[in-house]
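First up is the structure itself, then whatever we jot down about it.
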Amino acid sequence: ISLYHYKIKNFLVGLGYIVLLHLILPSLFLSSSMHLIQVDSVQRWMEDLKLMTDCECMCILQSKPISIEKDEQNELILSSQYSTCDNLQLLLKRAWIISTELTRIAQKLEKNRWQRVHSMTVRVNCHVRSMINEYNMFTRNSSEEMHQFEKLLIDKCSEFTAFTERCIQTEDEQILKSMKSCINETLTTVAQYFGQLIELVLTHEAQNLLRQIELSDNVYITESAISSLFSLTQEGAHLCRIIAKEGGVVALFKICRQDCFRCLYPQTLRTLASICCVEEGMHQLEKVDGILCLADILTDSTHSEATHAEAAAVIAQITSPHLTFTQHLSSFLENMEEIVTALVKLCQEASSGEVFLLASAALANITFFDTVACEMLLQLNAMKILLAACSDKQIVDTPYSRDQVVTILANMSVLDQCASEIIQGNGVQLLLEMLFERSSSGNSAEVAACERVQQKSAVTLARLSRDPEVADAAVKLSCIPRLIKLCRSPTERNNSDSVLVACLAALRRLAVMSPDGLEDSDFQQLVKPRLVDSFLLCTNMEESFV
């Protein structure tokens, strides 16, 4: 064994230590007291060698030129010593690497970079074989169809590698040109087989997890399965569609209807919110009366705040105004009064900024439905509750929360009765403060949220200023100078055109109610012209560079 190890070490020096390290590491460094394990490791390596040697050798010898091109991120060596959940993440990471490499091969092929095409093809071959080997080590009950696609993909990758190898052995441009179409066709086929295999694998894993959730009455097993399912939903909309098609929404709502799983409700609802970002998830939710179940959870005071918050998150997801599919909204309207009442209560009693954000986001989305929702909020004193919450910096602690509050205020401001509520709750002062909203981190998402807060606060002022009492309060609080500043200074509004239009509209409404509050130059440029002319004037106030 010692002599054999010595030969292996020498072999690795020429071959590249890192690539094969994970295959033979156990047999190199185990002590003499573990002789049997050493033998097993070597035998295992010898078995793997039949699949891996040629590809790994070619990968090392031909894929590592001294080059300025940054291929390092794709040459990832991924260990397979993980739990089931981690193995699935490993598979997804390997799949992402292969997908990225295939895209780059197409780019290099377009430029006739034959050496690069071949080396990258070899690397894809390695990753495909490794992915299949790693997956087969931890999967259960894989289908015959999956094995067929594995064989098809491996064969096509070998054919692809052989094609590109012939290309680097000739310099005849005519031959290369004639082979290019064959390589393109093979690349397309590899990508197709790869995509179909990944689809089968992910479907198989989703089925396994859902089978665990449906059949197990053990809290710990169910919790582990739901956690793995949630991890899958975070990988994108496509996986959410697969889970929804395999009955994920049905299985999760079944959990939410069993008292023995109450401790799992928050985690289950969080997973449901992720799945319901796709249309297939919405269809499933409608079939199982999911909205009624959510209403029951929200109105049941025996549930924890965490459960109520996650139920609010599902409501916020399924009522998003950005969704194009709205078949589920008919059943939502039937339960809207109970849901809105529960969400207002959750906002009022929220113990943290996160809980308030989820509840207020759900309310903000609901106010886009119909003025009926706004009238409900008015009757429930929601305006007073929201304005009071904004004075608590522990609860309304981010631009995202203020964005939800001002969205509700903007949508409610179409009601005439709203003006008196705003005056009583010192709402004009809050709207003025929101006109000063700026990002502290510079994060792009936060900057966008700040722009929305500025825009919606200006819209709310414009709508409410039709009431003389609100307009008078806005003038006394110096809203006009701030609106002028936002119009004239692009940096104050982060160069946002939507903020500019809203501020011009609010300024014109206030100017009608209080014309003495503007200087003549401001009136001539920002109020008197057509709105589009004032807009063009303000957008041309950018700093010029010579």
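Computed from the C-beta positions of GLN196 and LYS93 and an R0 of 25 Å, the FRET efficiency is 0.80 to the nearest 0.05. Cα centroid separation, segment 221-281 to segment 436-490: 40 Å.
With the other protein chains left in place, how much accessible area per residue, in square angstrom, belongs to segment 98-181 at a 1.4 angstrom probe?
On the way: 4100 Å² over 84 residues.
I get 49 Å² per residue for this part.
The aspartates and glutamates within cross-link reach of LYS254, meaning a Cα-to-Cα straight distance under 18 Å and a gap of 8 or more places when in the same chain, are GLU214, ASP217, GLU223, GLU246, GLU280, GLU286, ASP289, ASP296, ASP300, GLU310.
Tell me, what % of the accessible area of segment 207-313 is carbon and sulfur with a 1.4 angstrom probe? If you can, show how the numbers build up before the last one.
On the way: 2110 of 4380 Å².
For segment 207-313, the apolar C and S fraction of the accessible surface comes to 48 percent.
Remark: segment 407-485 is approximated by an ellipsoid whose semi-axes, taken from the C-alpha gyration tensor as √(5λ), come to 23, 14, 9 Å, largest first. Taking each residue as 0.36 nm, the span from HIS147 to LYS384 lengthens on full extension beyond its C-alpha to C-alpha distance by 79.1 nm. Computed packing ranks the peptides 143-152, 197-206, 239-248, 99-108 as 239-248, 197-206, 99-108, 143-152, most packed first, by mean other Cβ atoms within 10 Å. Annotation: aspartates and glutamates with alpha-carbon distance below 18 angstrom to LYS108 (same-chain offsets under eight excluded): GLU69, ASP71, GLU72, GLU75, GLU165, GLU171, GLU173, GLU185.
A Förster radius of 56 Å combined with the Cβ-Cβ distance from LYS180 to GLU354 puts the calculated FRET efficiency at roughly 0.55.
Would you please classify the overall shape of segment 302-387 from the alpha carbon gyration tensor, given that a ≥ b ≥ c denote the square roots of the eigenvalues, rounded means a/c under 1.5, and beyond that prolate means a/b larger than b/c while oblate covers the rest?
Details: a/c = 1.71, a/b = 1.26, b/c = 1.36.
The shape class here is oblate.
Protection proxy ranking, highest mean first, for peptides 87-93, 263-269: 263-269, 87-93, where packing is the per-residue count of other beta-carbon atoms within 10 Å, averaged. Taking the average, over residues, of other Cβ atoms within 10 Å as the packing measure, peptides 286-293, 118-125 rank 118-125, 286-293 from highest down. In this simple spin-label model, placing a label point 7 Å from the Cα along the Cα-to-Cβ direction at both LYS476 and GLN394 gives a separation of 3.2 nm. Mind running the shape call on segment 397-546? Use the C-alpha gyration tensor, a ≥ b ≥ c as the square roots of the eigenvalues: rounded below 1.5 for a/c, prolate if a/b tops b/c, oblate otherwise. Here segment 397-546 falls in the oblate category.
Could you give the length gained on full extension between SER227 and ARG166, defined as 0.36 nm per residue of separation minus the Cα-Cα distance, in nm? Please list the in-between numbers first.
On the way: separation 61, 0.36 × 61 = 21.96 nm, distance 4.78 nm.
Net length gain for the segment: 17.2 nm.
Dipole size in debye (nearest 20) for segment 471-546 around its Cα centre, Lys and Arg Cβ +1, Asp and Glu Cβ -1? Mind dumping the intermediate values first?
Working: 9 positive and 10 negative charges, 49 e Å.
So the dipole magnitude of segment 471-546 works out to roughly 240 debye.
THR188 to ASP497: extension gain in nm, 0.36 nm per residue of separation minus the Cα-Cα distance? Intermediate results must be reported in sequence, preceding the final value.
Details: separation 309, 0.36 × 309 = 111.24 nm, distance 4.34 nm.
Here the answer is 106.9 nm.
If R0 is 30 Å, the Cβ-Cβ spacing of PHE368 and CYS263 corresponds to a FRET efficiency of close to 0.30.
Label positions at THR299 and LYS245, each projected 7 Å from the Cα along the C-beta direction, are separated by 3.7 nm.
Among the listed pairs LYS93/LYS393; LYS456/LYS528; LYS93/LYS287, those with a Cα-Cα distance over 31 Å are LYS93/LYS393; LYS93/LYS287. Note down the nm distance, to one decimal, between modelled labels 7 Å out along Cα→Cβ at ASP289 and at ASN218. Using points 7 Å along Cα→Cβ, the separation is 3.2 nm.
The values are calculated or read from the model by the stated rules, or taken from the named source; none is laboratory data. Please read these numbers as outputs of a predicted model, since none were measured by experiment. Glycine also receives a Cβ, built like all others from the backbone with ideal geometry; neighbour counts cover every protein chain displayed. Keep in mind that these areas ignore ligands, DNA and RNA; they rest on the heavy atoms of the full protein, side chains included. Shrake-Rupley method; radii C 1.70, N 1.55, O 1.52, S 1.80 Å.
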